[in-house]
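> Please read through the structure below; I'll follow up with questions.
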Amino acid sequence: MSAIYILWLRELKRYLRSKVQIIVSLGQPMLYLLALGFGLGPVFQRAGSGSYLQFIAPGVVGMTVLFSSVFSGIAMLWDRQFGFLKETLVAPVPRIQIMIGRTLGGATVAMIQGLLIMLACLIAGFRPQHWLAIPFAFVFVALIAIVFAALGTSIGSVIKDMQGFQLIMNFLVMPLFFLSGALFPLTHLPTALKVITRIDPLSYGVDGLRGALIGSWAIGMRLDFALLGVLAVVFLGMGAYMFSRIEV
């Protein structure tokens, strides 16, 4: 367990030391929040759906956690390039502990960024249905972070070059975000799009956040929680298998 803690702490310290990363990583979520939240607000309100800022804020939090957790896999490529990964792998520590420590570190960083964006949403005018809803919402934030940090670790264990990782992530992450219901309601969709959104694991995370924060559930709390929990176990297992076969 000490190896898990050390690697978790290392990922956290690496993030906290990079002030530029903290600021830059908040740029895109803030753009979506301000440009779309206020830009499309009048249209959304005239359609009789209320405040678009209230609707989009949980989606922006989910997007922030998704991007941060998945791209935590890039750190493995840097470690592979500079030799730190080889030093870690030759240590007398089970590889599954190394993988879990790295994954939890990436998930913790993603949760911190989700918290920062949540604060930005509150400053911009977002109001949850109840202030106690925020701790409940962060249960879903943690699940999203673990699921996609494990996915990022799995992909980072297979891909050996930065260009390949970025291409795969852009091909994977953007559809996950846009088809999750972060920007549009999941109700009254065409059948084909409804099926696609149900396949997207982020849909359940965004629905959980939105339901917890503003009381608007499109799928349901139990299904959101259960599916994310199952995916966390599955992706952690897949990541452990991929990491056990890594070659440096």
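Quick note: the coordinates plus some simple rules give every number you see, no bench work behind them. All values derive from a computational prediction rather than experimental measurement. FYI the Cβ positions are ideal-geometry reconstructions off the backbone, even for glycines, and counts take in every protein chain you see.
> Express in whole angstrom the spacing between the alpha-carbon centres of the range 150-199 and the range 36-73.
Centre-to-centre distance over Cα atoms comes out at 17 Å.
> Report the FRET efficiency, 1/(1 + (r/R0)^6), for Lys160 and Val93, where r is their Cβ-Cβ distance and R0 is 25 Å, rounded to 0.05.
The formula returns an efficiency of 0.65 here.
> So if I restrict to the alpha-carbon atoms in the range 182-223, what is the Rg, and what is Dmax, the biggest pairwise distance, in Å?
9.8, 28
> Can you find, among Ala182, Thr153, Phe55, the residue sitting farthest towards the positive end of the charge dipole of the chain, where Lys and Arg contribute +1 and Asp and Glu -1 at Cβ?
Thr153
> May I pose another question? Along Cα→Cβ, 7 Å out, is where each label goes; now give me the distance between the ones at Leu119 and Leu34 in nm to one decimal.
Reported label-point gap for Leu119 and Leu34 is 1.7 nm.
> Could you give the angle, 0 to 90 degrees to the nearest 10, between helix 95-124's Cα long axis and the longest principal axis of the Cα atoms of the chain?
30 degrees
> Shifting gears a bit: Among 36-42, 129-135, 109-115, how do they line up from the highest to the lowest mean number of other beta-carbon atoms within 10 Å?
109-115, 36-42, 129-135
> Taking the radius of gyration and the Kirkwood hydrodynamic radius from Cα positions alone, what is the Rg/Rh ratio for the range 30-77, to two decimal places?
On the way: Rg = 14.3 Å, Rh = 11.9 Å.
On the Cα set of the range 30-77, Rg over Rh gives 1.20.
> Taking the Cα centre of the chain as origin, sum charge times position over the Cβ atoms of Lys and Arg (+1) and Asp and Glu (-1), and report the length of that vector in debye to the nearest 20.
So the dipole magnitude of the chain works out to roughly 200 debye.
> Give me the distance in nm between label points sitting 7 Å out from Cα along the Cα-to-Cβ direction at Arg245 and Leu223, one decimal.
About 3.3 nm separates the two model spin labels.
> Expressed in nm to one decimal, what extension gain is obtained for the pair Leu193 and Trp131 from 0.36 nm per residue of sequence separation less their Cα-Cα distance?
Extra length available between Leu193 and Trp131 comes to 19.0 nm.
> Around Asp200, under 15 Å between beta carbons, what's the net of Lys plus Arg minus Asp minus Glu among the other residues?
+1
> For the range 139-231, what are Rg and Dmax over the alpha carbons, in angstrom?
Computed over the Cα atoms of the range 139-231, radius of gyration and Dmax are 14.2, 43 Å.
> Starting from the exponent 0.38 and prefactor 2.2 Å, build the expected Rg for the range 2-244 from its residue count and divide its actual Cα Rg by it.
For the range 2-244, the normalised Cα radius of gyration comes out at 1.02.
> What distance in nm separates the two pseudo spin-label positions at Trp78 and Met174, each 7 Å out from Cα along the beta-carbon direction?
Reported label-point gap for Trp78 and Met174 is 2.4 nm.
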